[in-house]
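These notes concern the structure reproduced below.
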Amino acid sequence: MSNDDPSAQLHTELRTAVQAALSTRRPILHHLNADTSWFLQIPRPESAVRHGGRFYYNILIDPWFRGTQTDFVAWFSLQWHATPSAVGSIAELDELAREMEILTSGLRKESGRKSNATAEYDGGSQETLIDAVLISHEFTDHCHKDTLLEVCPDVPVFAAVHAAKMIASWNHFRTVTTIDVFCAHGEPDWRGTSIPPLPAWIGISRLLQKHDLGKLHSALMITFNNRHVSIRSKANKASAPGSGHLRHLDPVPPHDEDETAEAIIYTPHGISSSDVTLIPQASPAIHVLALLHGLHNVRLGGSGRAAMQINLGARNGLEAQRVLNADYWIGTHDEIKEGRGLVGWLLRRDDVSCQDASATGWKAKEGKVGKKDAKLSEVLSDLEGTNWVELRNGESKVLM
């Protein structure tokens, strides 16, 4: 195929566009299925990339690619993906990671050089490019055994308490670490959540909701300070008022001692806004780059106190976003899966979009709806700049 061929020209233009996006040296979030499996690629600090080090630190979150998942017993709940996962195996995910490393080869000071690790992976001496696995819950749509057993045993796993016990019982992974609750034993300092074998510039912790009967409503927080400049932070600094108060963090110069961090907060079932208020109070400061929170209001049983809340939905997301002020709000865990079992008769789902929740709130501000929506109306004036992003199955986003 000649370079004049239209398809070859399009391929070249697409590759150039992708490389231009990657040149920003910002994190990339990949949605691996229609549900709640994610792959987060965080650019490593410049000092770690020198002399052939890999460009990205790769974190796999709640992988479930194929097969079924069961809650308790099959007659109660048996589910499977309604549409095939965009990434069907760990081998395919490793291939994605390899392709991303190849695309960044031109960004290295030794232009065009592959990373040493990528060359080793191509040669078969390195088994995987996944650096860590994060598991938010022990339920098998988050902690899917068949998928996890495809992961190289050398990859460290960080998991919620019950999930960590379950995974350790498989005797597959060499390192399984229980994720600590943020600020459980001291000051709200993200640096205390960077535990071996994590690099010092990355931390992982949990946020828990009080009075959570089903132990469903929590969040994983991934914090990092790779000392790369955020374009969005730079823009916010330029537009900040003369008082000097910044809506977001200043960019971190390469040799500055500033220990502020960016964060990805992942809450597949949602978490109360009152239980994330410690994040804006953190020291060093934490700037929330992305909030992953679903839109669907999902519950078991009837209504009111008779129902067990599963996913908190868009209205709760609006309230959490008001507190966290994330640059991006990205939906998760909203797939309507195929399945059978008793739970299908009990499950109730309200598909409320971000726009629907906002519209209801505006009506509340104007006194056109009942008192139950009054609380929602209070949050809307702070949310005009909310950057809602829908990432479908197989889509990716560079988080600027």
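A few comments on the model shown:
- Selection status of I179, in contact with a helix residue (DSSP H, G or I) (Cβ under 6 Å, 6 or more places away or on another chain), closer than 15 Å to I59 by Cα and not polar (S, T, N, Q): no
- Remark: pairs (first residue in the range 3-18, surrounded by 10 or more Cβ atoms within 10 Å (Cβ to Cβ); second residue modelled with pLDDT of 80 or more; Cβ separation under 9 Å; 6+ apart in sequence or on different chains) = R15/L103; V18/L103.
- Qualifying residue in the range 259-267 (condition: surrounded by fewer than 15 Cβ atoms within 10 Å (Cβ to Cβ) and either modelled with pLDDT under 95 or under 30 Å from A20 (Cα atoms) (or both)): yes
- Taken over the range 303-329, the criterion of being free of Cβ contacts under 8 Å to residues at least 40 places away in the same chain and either basic (K, R) or touching a helix residue (DSSP H, G or I) at 6+ places or on another chain (Cβ under 9 Å) (or both) is satisfied by R305 alone.
- In the range 180-188, the count of residues that are crowded, with 20+ Cβ neighbours inside 10 Å and of a type in the set (A, V, I, L, M) is zero.
- Residue, farthest from P199 (Cα to Cα), within the range 144-159, restricted to residues that are in contact (Cβ under 8 Å) with a residue 24 or more places away in the chain and surrounded by fewer than 20 Cβ atoms within 10 Å (Cβ to Cβ): D146
- Test: residue in the range 200-208 that is modelled with pLDDT under 95 and within 20 Å of the chain's Cα centre (by Cα): no
- Candidate set from the range 293-336 (those that are farther than 25 Å from T223 by Cβ and of a type in the set (K, R)); member that is modelled with the lowest pLDDT: R305
- Yes/no for S239 being of a type in the set (S, T, Y), modelled with pLDDT under 95, outside the structural domain of P280 (by TED's automatic domain parsing) and surrounded by fewer than 20 Cβ atoms within 10 Å (Cβ to Cβ): yes
- Residues satisfying the stated conditions in the range 203-226, i.e. crowded, with 18+ Cβ neighbours inside 10 Å and assigned to a loop (DSSP other than H, G, I, E, B): Q209, L216, H217, N225, N226
- Pair list, Cβ under 6 Å, 6 or more apart: the range 382-393 residue under 11 Å from G331 (Cα atoms), other residue assigned to a loop (DSSP other than H, G, I, E, B) and at pLDDT 65 or above: E390/G331
- Counting only helices (runs of 4 or more DSSP H) that sit completely within the range 1-105, those holding 1 or more residues that are modelled with pLDDT under 95 and small (G, A, S) correspond to 6-22, 46-49.
The values are calculated or read from the model by the stated rules, or taken from the named source; none is laboratory data. Computed from a predicted structure; not experimentally measured. In this analysis, Cβ positions are derived from the backbone assuming ideal geometry, glycine residues included, and neighbour counts consider all displayed protein chains.
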